[in-house]
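S.K.: There's a structure below that I have some questions on.
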Amino acid sequence: TQNGGAFEPKVFKPEFKDYQAVYNEIAKLLQEHDEYDDGSYGPVLVRLAWHASGTYDKESGTGGSNGATMRFAPESQHGANAGLINARNFLEPVKAKFPWISYSDLWILGGVCSIQEMMGPKIPYRPGRADRDMSSCTPDGRLPDASQGPRHVRDIFYRMGFNDQEIVALAGAHALGRCHTQNSGFEGPWTFSPTVLTNDYYKLLLGSKWQWRKWDGPKQYEDKETKTLMMLPADMAFIEDKEFKKTVEKYAADNDLFFKDFSAVIVKLFELGVPYTDKSETFVFKNLDE
Ligand code: HIF
């Protein structure tokens, strides 16, 4: 250029330390806002990251976490996304403090941070997602229907490109959080410690007696002993189906194996449809207390 580049705008190139700063900010806000739900925004942040990613269709290459199109109607209004406004709003002050990060990268970083801070495994993170406009919103019906069984669960996750073992490894995330009548119509948590990631989901699926809950709401299961835990019909798919059940047994018996496989498969989920280049770097964040 004429002036030797002196007046060219400086392009900010975020590095590991910049993303770690975003991670730390989210982790700090998670600690500060322990008034929400069971004491943490972590589960709903994980659900946001998954619903942003789980719209992916491998045939057409549409959907996935690239784009953050859930900011816009109609996607924000899809029944499956009810309640995720809480997660999106939670992350707004983080976006305001670090405006250089895309919403799509931020939502996934929110999921990664929440899993690690809820005592889960390390989740390697690769930035590179760009926000898109509402013309990239995916059609309704790409996320799973909780009232259905093994066949539907397979259809939905095969469409994203997962196999049976990977589907079961993902399912352990229902150790976290709960169902809310105002969101899905269902009610209750899957485990006794819904803000800590463990293999308890698999242990409870196999070890508890499950019966239909008698209530006005949609058909769901309750544990016979305490009647405080729940399973969706779609969760029961994992023990109704023999192939799925074998893998449930493996993870119920071995938390380390679950952590290893869960980390790998959630990275795959979070990266569906993201146009990475050879130069994309992978980051492993320090937890807040490390
Ligand atoms: Fe969920 N899921 N999910 N889910 N989910 C809910 C809540 C959470 C399904 C249905 C529901 C996965 C798979 C499936 C989380 C994470 C993951 C709710 C309740 C429903 C109905 C929403 C509400 O009422 O607020 C179905 C049918 C799935 C296919 C089997 C993933 C594997 C388990 C992919 C996954 O990671 C999390 C976390 C929550 C808790 C959100 C909260 O606000 O606490």
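The values are calculated or read from the model by the stated rules, or taken from the named source; none is laboratory data. This is a predicted model, so every value here is computed, not measured. Here Cβ is always computed from backbone atoms with ideal geometry, including for glycine, and neighbour counts include all displayed protein chains. Note: areas computed on protein heavy atoms with side chains; ligands, DNA, RNA excluded. Shrake-Rupley method; radii C 1.70, N 1.55, O 1.52, S 1.80 Å.
S.K.: For the range 214-255, name all the residues that are open to solvent by less than 50 Å² (accessible area, probe 1.4 Å) and of a type in the set (Asp, Glu).
M.R.: Listed by number, the residues that qualify are GLU222, ASP223, ASP235, ASP241.
S.K.: So how many residues does the range 112-161 have that are in a loop (DSSP other than H, G, I, E, B), aliphatic (A, V, I, L, M) and near the ligand (Cβ under 10 Å from one of its atoms)?
M.R.: 3
S.K.: Any idea which of (1) crowded, with 21+ Cβ neighbours inside 10 Å; (2) over 19 Å from the mean Cα position of the chain (by Cα); (3) away from the ligand (no atom under 12 Å from the Cβ) is the one LEU205 doesn't satisfy?
M.R.: LEU205 satisfies all of (1) crowded, with 21+ Cβ neighbours inside 10 Å; (2) over 19 Å from the mean Cα position of the chain (by Cα); (3) away from the ligand (no atom under 12 Å from the Cβ) except (3).
S.K.: Any idea how many residues of the range 95-125 are under 18 Å from GLY54 (Cα atoms) and among the aliphatic types (A, V, I, L, M)?
M.R.: Count: 6.
S.K.: Let me ask something else. What pairs come out if I take residues in the range 21-43 that are in a loop (DSSP other than H, G, I, E, B) and pair them with residues that are modelled with pLDDT of 95 or more and surrounded by fewer than 17 Cβ atoms within 10 Å (Cβ to Cβ) whose C-beta lies under 6 Å away, six or more apart or interchain?
M.R.: TYR41/HIS33
S.K.: One residue is enough: does the range 93-111 have a residue meeting the conditions of a type in the set (A, V, I, L, M, F, W, C), within 14 Å of the ligand (Cβ to nearest atom) and surrounded by 20 or more Cβ atoms within 10 Å (Cβ to Cβ)?
M.R.: There is at least one residue in the range 93-111 that is of a type in the set (A, V, I, L, M, F, W, C), within 14 Å of the ligand (Cβ to nearest atom) and surrounded by 20 or more Cβ atoms within 10 Å (Cβ to Cβ).
S.K.: Taking the range 190-200 on its own, how many of its residues are within 8 Å of the ligand (Cβ to nearest atom) and under 13 Å from ASP235 (Cβ atoms)?
M.R.: The number of residues fulfilling the criteria is 0.
S.K.: Failed condition for VAL265, given (1) over 15 Å from the mean Cα position of the chain (by Cα); (2) crowded, with 19+ Cβ neighbours inside 10 Å, with all others met?
M.R.: Of (1) over 15 Å from the mean Cα position of the chain (by Cα); (2) crowded, with 19+ Cβ neighbours inside 10 Å, only one is false for VAL265: (1).
S.K.: Does GLY67 satisfy being open to solvent by less than 20 Å² (accessible area, probe 1.4 Å) and in contact with a Lys or Arg (Cβ under 6 Å, 6 or more places away or on another chain)?
M.R.: Answer is yes for this residue.
S.K.: Another one. Collect the residues in the range 162-187 that are surrounded by fewer than 20 Cβ atoms within 10 Å (Cβ to Cβ) and more than 7 Å from the ligand (Cβ to nearest atom), keeping them in residue-number order.
M.R.: Answer for the range 162-187, where residues must be surrounded by fewer than 20 Cβ atoms within 10 Å (Cβ to Cβ) and more than 7 Å from the ligand (Cβ to nearest atom): ASN163, ASP164, GLN165, THR181, GLN182, GLY185, GLU187.
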